[in-house]
1. For the stretch 56-115, just say rounded, prolate or oblate: build the C-alpha gyration tensor, square-root its eigenvalues into a ≥ b ≥ c, call rounded for a/c under 1.5, and beyond that prolate if a/b exceeds b/c, oblate if not.
2. Take each of the peptides 659-669, 48-58, average the number of other beta-carbon atoms within 10 Å over its residues, and list them starting from the highest.
3. Rg and Dmax in Å for the stretch 60-184, alpha carbons only: what are they?
4. Leaving out ligands and nucleic acids, and using a 1.4 Å probe, what accessible area per residue does the stretch 547-602 come to in Å²?
5. Per DSSP H run of at least 4 residues, take -39500 (n - 2.57); add these up for the chain, divide by its residues and hand me the 222 nm value, nearest 500 deg cm²/dmol.
6. Once you list every other residue whose beta carbon is under 12 Å from the beta carbon of Arg467, what net charge do they have if Lys and Arg are +1 and Asp and Glu are -1?
7. Please compute the contact order of the chain in relative form: average sequence separation of alpha-carbon pairs under 8 Å and at least six residues apart, divided by the residue count, as a percent.
8. In the structure shown, do any of Lys519/Lys551; Lys209/Lys594; Lys616/Lys716; Lys230/Lys298 have a Cα-Cα gap over 27 Å, and if so which?
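The values are calculated or read from the model by the stated rules, or taken from the named source; none is laboratory data. If you're wondering where the values come from, they're calculated on a predicted model, not measured in any experiment. A quick note on method: Cβ atoms are made from the backbone with ideal geometry, for glycine too, and the neighbour counts reach across all protein chains shown. In case anyone asks, the SASA skips ligands and DNA or RNA and just uses the protein heavy atoms, side chains included. Shrake-Rupley method; radii C 1.70, N 1.55, O 1.52, S 1.80 Å.
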Amino acid sequence: MSQSLANNSSNIANKIDEHLVKTVGINPSEATSTDLMQAVAQVAREQLSRRWVETQAHEQAAKSRRVVYLSMEFLMGRTLSNALAALDLTDDASKGLLQHAQKMEDIVDREPDAALGNGGLGRLAACFLDSMATVGLPSFGYGIRYEYGMFAQSIQSGCQTEYPDPWLQNGTPWEFPRADITYPVRFGGWVERVNDKVVWRNAGEVAAKAYDMVIPGHGTEKVSTLRLWKAVAPTYIDLNAFNTGDYARAASAKNEYENISWVLYPNDSTPAGRELRLKQEYFFVAASIQDLIHRHLKEHPTLGNLSDKVAIHLNDTHPAIGVAELMRVLCDEHFMEWNAAWALCCKTFSYTNHTLMPEALETWPVALMQHVLPRHLEIIFQINKEFLELAAKHRPNDNGFLARLSLIDEHGERRVRMAHLSIVGSHKVNGVSALHSDLLVQTIFSDFASIWPDRFTNMTNGVTPRRWLAQANPDLSSLLDSTLGKSWRLDLDQLQGLNALKSDVAFQNSFMTIKRTNKARLAAYIERTAGIKVNPDSLFDVQVKRIHEYKRQLLNVLHVITRYQAILANPDGNWVNRTVIFAGKAASSYHTAKSIIRLIHDVGSVINNDPRVGDKLKLVFIPNYGVSVAEIIMPGADLSEQISTAGTEASGTGNMKLALNGALTIGTDDGANIEIRQNVGDDNIFIFGLKTPEVQALRQSGYISRHYYDTLPALKSVLDAVAGGQFSPEKPNRYGPLVDSLIGGGDHYMLLADYASYVETQLRVDDLYRTPAQWCERAIANVAGMGVFSSDRTINEYARQIWHIEPAAK
């Protein structure tokens, strides 16, 4: 089908009707909005399939060097709008839908989000695939085809409740089952030496079946591939047990193995949960390495040039077992000599670290790894032996140095350090913001950097402007198109052209009209999902991200209560109306994070129902945060809360998405906030609190959090109100432990130390918001400064500096 024919609006309308009959199986005159979503998706799928076939044929003929991106999660969101935009079908499909008296936005809403990820790690991976395709980088993303995601979140009496997210229950038009691509993945058992060869006698085996999603590039015919693995038991059921009526035993083997691809991040508070997580990680890595080796041997006669043709990237430590798995495959199955295999392995792998917190670096008990992956543990021991011999030459007679570097943590229960395995097995290791990368080599990985200073580098994160501006904010995109032209989607630096217009009254009026429309849409969504009516003319103060203590949602709540108490003390004051908006999920076993969610709801219940306050202050929590919800929130935000303790946030990408949509940031000098400040200007961002060196110095001098409680009356009043049950009268001590963790428990993330600066900076926010023209000028400056935060820039830097692949011509 030619491109011109495909993009003819009348032809698209005919194709929609054709798919309603042939694929969906419905009379076009009776089609529901869900039926129409399926039919339009099939129209796009046809072209995606053609592009995938052509891309693969070209790459195979050219024997291209490819990126293999291993990630535990890919937070893709919905596909339809992005696919139509990439295929240049949006306008024609919209016209086709009008013949069914339907609008595109209503059809798009019928598609569930793909539940393949949770937080920033997975959304970054999704943005990267979009950019890999757009810049023409030969690439495969590999992950797990989760049937139920992490969980869907609902709020019951203020408490987070988790339930399955069955996004595949009605199938999805976006996946391509690859019936002929199946690999065995083995677990358990023992290791033998037979005729000088290593034999792994496994105790169990599961099949990994491939399902592809095609990720289209924009402004190009190139696509990337997301290959997801489903776990399938070798035997579906025990028929003998079934026929005797023992139905539970009949299905037990099937469930034992197929649960590997059921849920993202199963609760690891139990031994069974921890074992399942390790199996998940090995499952997708083993299948992916088998697949890439199979593809390589189809194109090349030897594995000796694997590192010349494949760049394997580890997105955090979840796929780190891949280092040991590649060594096992090369040595045990292809009989490569150890030293040659190790040299090849190190040239092939690279690793992105996403955390500075030692407690967040993944480790596995040696006993568990011995039980699940006995051969891999042997390989890790051998890697560790040779590495420590090298390290001992670097710093002789320093046992502490060797203990810190060892792949095995010998303190207490022996554990395998997966970040260490990733560093030792990779030729490049990167952080995700300038500060983060500096701190990696100064703190948690300083010993490694002393041996390999050139191994460490920085790749500041980015986001795709196609989804996070063009798709999420169509009205602003139209304004940019009429002002700058349309090519900013592929060259985000063109946004700098807005600096010449930030003081232009007509442009400001258009910009703020669009912001008001987006806020009204968000207000309607809040009323629909949270049952709270908010004023779109109030300042929309937004903190949306995973709920975690270091992200300091609790500090935000303390400010909200401070503001509430101040309003009650001076109800006739010149208050800036403010709506504080939270969204995010807490891990199912993270009780403190869940307590913070409940506190948000309890405080909101009091404030939102206090007639003395009215529109001066509202507090809302939007449930079940995900990509599609974020696409509603980001364009409607005025203020972006990025308030992690300095030195704890690796980068953040929500900060970039919000600024790209015209929100001003209030934040610490942490992660990518620093680079946002450098690009938008100090006058266009609200920075508060301790900087990283000050945090470190305060810890070293002995941080006494109670001092702030004793000397700041407003802080004391807030904490006493929470601890005393003002917001939980039915259970006054509900938040006693939370308050105790701040006053007497060390306040690990230094909320109390930053409280006064945060509250004072919020008053500066109010002052600026009272002058709409000045606020608007600074909001436009934020949009104008976001060019450097395109994921296209990030991927081009990875390609040239780490993966050594020149992106293909369009």
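1. Numbers: a/c = 5.02, a/b = 1.75, b/c = 2.87.
Judged from the Cα gyration tensor, the stretch 56-115 comes out oblate (a/c at least 1.5, b/c at or above a/b).
2. On the way: 659-669: 25.3, 48-58: 16.5.
The most tightly packed comes first, giving 659-669, 48-58.
3. Over the stretch 60-184's Cα set, Rg and Dmax evaluate to 17.5, 59 Å.
4. On the way: 1590 Å² over 56 residues.
Solvent-accessible surface per residue comes out at 28 Å².
5. Numbers: 33 runs with 379 residues, N = 810.
Taken over the chain, the calculation gives -14500 deg cm²/dmol.
6. Values: positive: Arg78, Arg123, Arg466, Arg489, Lys657; negative: Asp130, Glu631.
Charge balance in the 12 Å sphere: +3.
7. Values: 1491 pairs, mean separation 103.8, N = 810.
Result for the chain is 13 percent.
8. Details: Lys519/Lys551 25 Å; Lys209/Lys594 36 Å; Lys616/Lys716 23 Å; Lys230/Lys298 24 Å.
Pairs exceeding 27 Å: Lys209/Lys594.
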